């Protein structure tokens, strides 16, 4: 018996087809309706602590960018031949010129310093504008020298960031030396103001030394400078001093022998008061090696080491008071005690030109260097960041 193939009922098939089509149409309509509706935003929940941190960061950023606030230390105030001058560098010059501007307004207008001093115009001048102008001039002068030093290989980086890093490294090194009981000259650590000054002076001195051979200094210039500045080379007096004294080996020797030495010298003073001549007493003691007193003759003038005044202040003060033919009283100074007579005194007009020449060359080279820097400053292309400059305030 043959199995008859099952055929779908045509009525049922038609109904199913219509139902499927209707479902698809409804789904499409739903999607179209959804597309026409605004998208619903997903809600993002932030924990209160995180929200507070974000708010603080946002407010800090707004305050930093606020036109009314002071610039950041790294903000660029100006560019000199393309090189940035940061606010940190500029602030150094503001501080350096603060007292200058206060003094200027005091001397010219009688203006006393007050909380609103910087923002109060006097005689058509605003103190804040003046201190900014002076600080900018000084910043430009510093920067052109830094640029020139870099050209000559005296430094590799002239940025403010490198300056701060170098200061940090320098201070760390100095602190380490102190811990190792090594000698450190100056402060253990530099603050920024002093480090900028100190590092700048050393760099610019190196630049002067580098450029000095190129400064042509003639003999005529040296002679003219010498004649125009003779007071600078005046030497004062020259004294020839004869001494009758005792010089002790050390403090213990002084304690043991001071009584005997003082007694012998007082005897000599008594002889001088009685009419004896210093020259005769001096000659007699020169021939008497057993007297326990020593005699000597020395010249005190501009060639006398300055350490004499430091090491023997009482003696030098007594000698400088003596006129020719005068004798001191008993002079005790450290490890010496004696009587001193001025046998000759003469005035020396000035250091001879040949001896003054090395110093004159240094002075003329310094003048030539300053003229060189003046020219660099005059030619420098300076671009001011007006927005950051407007933020600068003074207290």
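Read-outs: derived from the displayed coordinates by stated rules, not from any lab. Owing to the predicted nature of the structure, the values given are computational and were not obtained by experimental measurement. Because the Cβ atoms are built from the backbone with ideal geometry, glycine has one as well, and the counts that use them run over all protein chains shown.
Placing a label point 7 Å from the Cα of residue 260 along the Cα-to-Cβ direction, the residues of the range 267-295 whose backbone N falls under 17 Å of that point are 267-268, 288-295. Each of residue 169 and residue 183 was given a label point 7 Å from its Cα along the Cα-to-Cβ line. The distance between the two points is 2.5 nm.
The range 247-323 and the range 203-227 have their alpha-carbon centroids 45 Å apart.
In this structure, residue 301 and residue 198 have a Cβ-Cβ separation that, at R0 = 25 Å, corresponds to a calculated FRET efficiency of about 0.10.
When the chain is fully extended, how far beyond the present Cα-Cα distance does residue 112 get from residue 252, taking 0.36 nm per residue of separation?
Numbers: separation 140, 0.36 × 140 = 50.40 nm, distance 5.97 nm.
Once the chain is fully extended between residue 112 and residue 252, it gains 44.4 nm.
If the segment from residue 119 to residue 277 were pulled out straight at 0.36 nm per residue, it would be longer than the present Cα-Cα gap by 49.3 nm. Placing pseudo-labels 7 Å out from each Cα toward the beta carbon at residue 205 and residue 267 gives an inter-label distance of 5.5 nm.
Stokes-Einstein diffusion for the range 235-348, with the hydrodynamic radius set to the Kirkwood value over Cα pairs and evaluated at 20 °C in a medium of 1.002 mPa s, equals 146 µm²/s.
Extension gain, residue 212 to residue 159: 0.36 nm times the residue separation minus the Cα-Cα distance gives 16.5 nm.
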